[in-house]
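All remarks here apply to the structure that follows.
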Amino acid sequence: MALTATGIGSGLDISGIVKALVDAEKVPKEALFDSTEQIIDSKVSAIGTLKSQLSTFQDALAKLSNGDNLNQRKVSTGDLTFFTAEATKSAQKGTYSIKIEQLAQSHKVGGTNVADASAPVGEGSLAFTVNGESFSVPVGSTDDLATITANINNASDNVGVTATVIKSDAGSRLVFSSNASGTDNQISVTPTDNSGSGLADMFGGANLETLQPARDSIIYIDNQKLTSQSNTVQGGIAGVTLILNDADINKTHTLTIEQDNDAVKENVNAFVTAYNDLISSIDKLSSYDAGKKEAAALQGDSMVRSLESQLRNIVSERVDDGSGGTIALYGVGISVDRYGKISVDDSKLTEAISNDMSKLESLFATENSGIANRLDTMVEEYVKVGGVIDTRNNSFTSEQQRLDDQRAAFTRKMEQLEARLLKQFNAMDLVVAQLNQQSQGLADRLNSLPGMI
């Protein structure tokens, strides 16, 4: 046996012996630590997958939990150059003729042009009034056009005026624009000079030029005139908003409003797909493979069992249909099988959408009892900050921290064991070396006795 640096006296591989003794205690424990850490990591990963799947499910629920999203309208305006339209669920199906005589525009006025925009204007104040509301801005004796502009735009009590310095061949001038269109939002400017007449000369009376008159929009709906302060016209047709882009009184446009059955079916089918994907994900994360004798990360987890139970209960319940009766998913062609998955009978769903959209809306979108809203409320308890999943993740974090502490303590223990064994074996090695030396000395003296061969 080859001698080692720590086993010269005994000829033993002390380092190897100590390593073997330490490993005999360390390796099994470290394997247990690694196994526990893998279990925690797999649970954290599984919880993350579940949370992501629940969030995807919420996205699908959002399209059914609101009546406007569920009971959609399809709007056709023909030439989009002149106007577009948006319709809520309250808009009735129908066709309307639209003519646009003029667009609304905001009021703009400009002060007198000056050759030097950086020169002071005067000292005093400028008062503005828009639609009955007023504010005032002081003007210092050294303020130029840019400074006055900044003071107006940054005024905390500004009631809807934007100031801009415009430079042209005639010079530079301060232009005031109303932030809102329509004749109700015309700008009135009142200059007050503390000394001289600089502000009055620039903004007073005829010195304030109208650059763009305030104007209302004028449209005709089925030849009935409607005037509006804005180019976004509401109220002309119940549930419909018209967004005006251009005007030509000689052109008639057709607005058609229909129930968007395809969008409703798409949203319902998206809900079914998202629900089934969620159930499949739950099954996968909590399953047990008897053949491989392997359990999934969340197998037997009470949180997952509770979640799945709540999901199945909600989709199986009946909901008030708004007319004194009740309705369930199977009433609109959506059935639940024994595995918890749901499927759609397309013809039955189409019939429900076409014949009585209000019942479908009651089933999914009623504020407190609708299936989509109840599911969303339940899922939110799991995915929200501080919710069920966050609480479970916090427990996993605590487990990991305890494991890290145990691993660190065990590492220190093994280091101490190794140091102690090395000390003991080295002491033994020294004793053996001394005994060998004494033995060799005794043998040498015996060999030197007379008559010894």
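The values are calculated or read from the model by the stated rules, or taken from the named source; none is laboratory data. None of these values were measured; they are calculated from a predicted model. Here the Cβ positions follow ideal geometry from the backbone for every residue, glycine too, while neighbour counts run over all protein chains shown. For the accessible areas, the whole protein counts, side chains as well, though only heavy atoms, and no ligand, DNA or RNA atoms are used. Shrake-Rupley method; radii C 1.70, N 1.55, O 1.52, S 1.80 Å.
The table below lists the values:
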item	result
Subset of region 414-432 [touching a Leu at 6+ places or on another chain (Cβ under 9 Å) and open to solvent by 80 Å² or more (accessible area, probe 1.4 Å)]	418
Single residue of 55, 35, 45 found to be part of a helix (DSSP H, G or I), closer than 22 Å to residue 265 by Cα and of a type outside the set (A, V, I, L, M, F, W, C)	55
Conditions (1) over 30 Å from residue 66 (Cβ atoms); (2) open to solvent by 40 Å² or more (accessible area, probe 1.4 Å); (3) among the aliphatic types (A, V, I, L, M); number of the one not met by residue 388	(1)
Contacts under 6 angstrom Cβ, first residue in region 154-169 being charged (D, E, K, R), partner surrounded by 14 or more Cβ atoms within 10 Å (Cβ to Cβ) and in a strand (DSSP E or B), 6 or more apart	157/135
Breaking point among (1) exposed (fewer than 13 other Cβ atoms within 10 Å of the Cβ); (2) among the acidic types (Asp, Glu); (3) farther than 30 Å from residue 38 by Cα, for residue 404	(3)
Residue check for residue 305: free of Cβ contacts under 8 Å to residues at least 60 places away in the same chain and in contact with a strand residue (DSSP E or B) (Cβ under 9 Å, 6 or more places away or on another chain)	no
Matching residues in region 176-199 - criterion: being under 22 Å from residue 123 (Cβ atoms), open to solvent by less than 70 Å² (accessible area, probe 1.4 Å) and either touching a helix residue (DSSP H, G or I) at 6+ places or on another chain (Cβ under 9 Å) or in a strand (DSSP E or B) (or both)	176, 188, 189, 191, 192, 193, 195
Top-ranked residue of region 263-290 - restricted to ones that are touching a residue at least 60 places away in the same chain (Cβ under 8 Å) and open to solvent by 70 Å² or more (accessible area, probe 1.4 Å), ranked as farthest from residue 333 (Cα to Cα)	277
Residue in region 299-311 that is crowded, with 17+ Cβ neighbours inside 10 Å and out of contact with any Ser or Thr (no Cβ under 8 Å at 6 or more places or on another chain) present	yes
Filter result for residue 217 (within 41 Å of the chain's Cα centre (by Cα), of a type outside the set (A, V, I, L, M) and crowded, with 18+ Cβ neighbours inside 10 Å)	yes
Matching residues, region 58-86, being closer than 30 Å to residue 247 by Cβ and either in a helix (DSSP H, G or I) or basic (Lys, Arg) (or both)	68, 73, 74
Close pairs from region 394-406: first within 11 Å of residue 43 (Cα to Cα), partner open to solvent by 40 Å² or more (accessible area, probe 1.4 Å) and of a type in the set (A, V, I, L, M), Cβ under 7 Å, at least 6 apart	396/44
Test for residue 207: is it touching a strand residue (DSSP E or B) at 6+ places or on another chain (Cβ under 7 Å), more than 17 Å from residue 83 (Cα to Cα) and either open to solvent by less than 70 Å² (accessible area, probe 1.4 Å) or modelled with pLDDT under 95 (or both)	no
Region 19-36: number of residues that are among the small types (Gly, Ala, Ser) and either open to solvent by 70 Å² or more (accessible area, probe 1.4 Å) or in contact (Cβ under 8 Å) with a residue 40 or more places away in the chain (or both)	1
Matching option when the condition is in contact with a strand residue (DSSP E or B) (Cβ under 9 Å, 6 or more places away or on another chain) and modelled with pLDDT of 95 or more, among 122, 78, 94, 110	110
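For (1) open to solvent by less than 70 Å² (accessible area, probe 1.4 Å); (2) under 31 Å from the mean Cα position of the chain (by Cα); (3) of a type in the set (S, T, N, Q), each residue gets a yes or a no:
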position	(1), (2), (3)
318	no, no, no
321	yes, no, no
324	no, no, no
330	no, no, no
334	yes, yes, no
341	yes, yes, no
346	no, no, no
350	yes, no, yes
